[in-house]
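See structure below.
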Amino acid sequence: MKKLLTLTAAALLTVFFTGCMSMGAALGTSTKHKKEYQAAVGTPEDSVVFYGNFNTMGAMEGFSQMNPDFEPDYQFMESQNFISKPVAPGSTYILERAYREDSYYIGNRRYTTIYNWYYSMQGAINPLVIKIPKKPGLYYIGAYSTNTFEEGSKAEKIEKSAEYEEMVLKGALKLYKGTAWESAINARIEEINNENKN
């Protein structure tokens, strides 16, 4: 009986994690979460939505707006795919927090390692500073591995970073469905598909 329960739990975890990976931003897209995005102020004509991938399961990221010319703001996402709410064009966001969990099994025991990083708010040594463009619309920040984030050195995009953009945008569609952002996201997905055909 114990062996059957272990096999069932392992199968369910495999389905869960495989599903999360294929659904992209499905993590963090609860009804409450979706409502926050759909109620957010800002359109593609006057705001920017920045988005990217942190190529790590069980990831969470938090960014703080640091440009003194703009209102303070904090953007947080519980997913390997980061999708901001609309932000002010020309503002600057700095990585404040990154979190991830790694789990593995040895026999019937599950082991979890938790990584919880808080970064300096000084732009000169913070690994990821995002300068939001002055032009409103969508802004892809790229794909990164949180394993490479170190204070004092700038984060580098992972190889083939551009290939993650469409996956992240499909997650963004779930969050922004029925808003002014939906058509902008669909248009960018179509652009990517046309670029891939050439």
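The values are calculated or read from the model by the stated rules, or taken from the named source; none is laboratory data. Here the structure is a predicted model, which is why all the values come from computation and not from measurement. Note that each Cβ is placed from the backbone with ideal geometry, even for glycine, and that neighbours are counted across all protein chains shown. For accessibility, only protein heavy atoms count, side chains too; no ligands or nucleic acids. Shrake-Rupley method; radii C 1.70, N 1.55, O 1.52, S 1.80 Å.
So the values come out like this:
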| quantity | calculated |
| --- | --- |
| Kirkwood hydrodynamic radius of the stretch 35-160, Cα pairs, Å | 15.5 |
| Pairs beyond 31 Å (Cα-Cα), from Lys154/Lys197; Lys32/Lys160; Lys35/Lys154; Lys32/Lys131; Lys32/Lys197; Lys32/Lys154 | Lys154/Lys197; Lys32/Lys160; Lys35/Lys154; Lys32/Lys197; Lys32/Lys154 |
| Whole-percent carbon and sulfur share, accessible surface of the stretch 98-198, 1.4 Å | 48 |
| The stretch 77-92 - phi-based ³J(HN,Hα) in whole Hz, Karplus 6.51/-1.76/1.60, Gly and Pro as x | 9, 9, 6, 5, 9, 9, 9, 7, 7, x, 10, 6, x, x, 6, 9 |
| Convex hull per residue volume in Å³, alpha carbons only, for the stretch 43-115 | 82 |
| Highest average packing first - 35-41, 49-55, Cβ atoms within 10 Å | 49-55, 35-41 |
